[in-house]
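J.: If you scroll down you'll find the structure; I have some questions about it.
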Amino acid sequence: MPPRNDAALEFLLTRRSRPAKTLSAPAPSREALRPILTAAARSPDHGKLEPWRFVVLEQGAMARLADLAEARGRALGKPDEDIAKGRSQFDQGILAVAVIEVQKDSPKIPAIEQTYSAGAVCLALLNAALAAGWGANWLSGWPSHDRAFCAEGLGLEAHERVAGLIHIATETSAPPDRPRPDLEAITTWVSA
């Protein structure tokens, strides 16, 4: 039997995202965020393409992004409820890391594997923030899929897209656990 890392396994078995709307100041400093970003960058990356990058959204950027989300929502003719929801994560945000998927030409690594790698980075970033003692939540929302919002607000180029917005700050309350998948219903064992 290989040696176990019981603390890491227990963390993974009990991890729980913290709703972004329940996070408050302070958020991690740049210095405190570096090891979290470093851990996330150790995600699986077939071919060492690094098909992702980080855009750290500090509190000073949040009001600008909230206003932009509202303006884009109005330009797109979205209902007021959708506009308010798109704006709220920036109005309430203290710090978020936008994980940006950067598709790279590769004759060997399919685009879908690059997408999976960006998703792995999002989860690793979320878990690293939680393991470091912060509250964290992985969000997206319609603004993160709007090309004009992404270009103007985040400086994304045509071959880039938001894989996730990981909000990180101080946890104000621990949410109750939620129902988890029935392992028997989602697992198939193949022996031969």
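J.: In Å², and per residue, what accessible area does the chain have when probed at 1.4 Å with the other protein chains present?
T.: 60
J.: With a cap of 14 neighbouring Cβ atoms within 10 Å, and only residues DSSP puts in a loop, list the trypsin sites (Lys or Arg not before Pro) found in region 1-86.
T.: Values: sites: R4, R15, R16, K21, R30, R42, K48, R53, R64, R72, R74, K85; in loops: R4, R15, R16, R42.
Here the trypsin sites (Lys or Arg not before Pro) that fit, given the DSSP loop and packing criteria, are R4, R15, R16, R42.
J.: Can you give the FRET efficiency to the nearest 0.05 for I112 and K48, using r as the Cβ-Cβ distance and R₀ = 25 Å? Could the numbers behind the result be given before it?
T.: Working: r = 17 Å, r/R0 = 0.69.
In this case the efficiency is close to 0.90.
J.: Given R₀ = 45 Å, FRET efficiency for D80-A132 by Cβ-Cβ distance, to 0.05?
T.: Step by step, r from the Cβ atoms, then E = 0.75.
J.: Using a Cα-Cα cut-off of under 29 Å, which lysines could be cross-linked to K85, ignoring same-chain neighbours fewer than 8 residues away?
T.: Once the sequence-local lysines are set aside, what remains near K85 is K21.
J.: Who wins for biggest fluctuation among P107, P175, P79 in a Gaussian network model of the chain, springs between alpha carbons below 10 Å?
T.: Of P107, P175, P79, the Gaussian network model singles out P107 as fluctuating most.
J.: Return the long-range amide H neighbours of L95 (sequence gap of 5 or more, or a different chain), with a cut-off of under 5 Å between placed amide H atoms.
T.: So L95 has HN proximity to I168.
J.: Turning to a different aspect of this structure: Per residue, how much space in cubic angstrom lies within the convex hull of the C-alpha atoms of the chain?
T.: Values: hull volume 34.6 nm³, N = 192.
Spelled out: Cα convex hull of the chain, divided by residues, is 180 Å³.
J.: Would you work out the charge dipole size for the chain about its Cα centre, treating the Cβ of every Lys and Arg as +1 and the Cβ of every Asp and Glu as -1, and quote it to the nearest 20 debye?
T.: Computed charge dipole of the chain: roughly 180 debye.
J.: Also, quick follow-up: Taking K48 as the anchor, which aspartates and glutamates have their alpha carbon closer than 19 Å to its alpha carbon, excluding any fewer than eight residues away along the same chain?
T.: E101, D105, E113, E160
J.: Go ahead and set up a Gaussian network model of the chain, Cα springs under 10 Å, then flag whichever of L154, L49, L126 fluctuates most.
T.: The residue with the greatest mean-square fluctuation here is L49.
J.: So, one more: Would you calculate the separation in nanometres between label points at E157 and R34, each defined as 7 Å from the Cα along the Cα-to-beta-carbon direction?
T.: It works out to 2.7 nm between the two label points.
J.: Next question. In debye to the nearest 20, how big a dipole does region 67-119 give about its Cα centre with +1 on each Lys and Arg Cβ and -1 on each Asp and Glu Cβ? Write down the numbers at each step before the final one.
T.: Values: 7 positive and 9 negative charges, 28 e Å.
Magnitude of the dipole: close to 140 debye.
J.: When the dipole is taken about the Cα centre of region 98-192, and only Lys, Arg (+1) and Asp, Glu (-1) are charged at their Cβ, what size is it in debye, to the nearest 20?
T.: Once rounded to the nearest 20, the dipole reads 80 debye.
J.: I need the fraction of alpha carbon pairs in region 144-192 separated by more than 16 Å, rounded to a whole percent.
T.: 68
J.: Which whole-angstrom value gives the distance between the alpha carbon centres of region 140-192 and region 73-112?
T.: Cα centres, region 140-192 to region 73-112: 10 Å.
J.: Between L9 and T170, what FRET efficiency comes out of the Förster formula 1/(1 + (r/R0)^6) with R0 = 30 Å and r the beta carbon distance, rounded to 0.05?
T.: 0.70
J.: Oh, and also: Over the chain, what percent of the accessible surface lies on carbon and sulfur atoms, probe 1.4 Å? Walk me through the numbers before you get to the answer.
T.: Working: 6370 of 11430 Å².
Looking at the chain in its full context, I get 56 percent from C and S.
The values are calculated or read from the model by the stated rules, or taken from the named source; none is laboratory data. Just so we're clear, the structure is a prediction, and the values are computed from it rather than from any experiment. Positions of Cβ are backbone-derived with ideal geometry, glycine not excepted, and every protein chain shown enters the neighbour counts. Please note that ligands, DNA and RNA were not included when accessible areas were found on the heavy atoms of the full protein model with its side chains. Shrake-Rupley method; radii C 1.70, N 1.55, O 1.52, S 1.80 Å.
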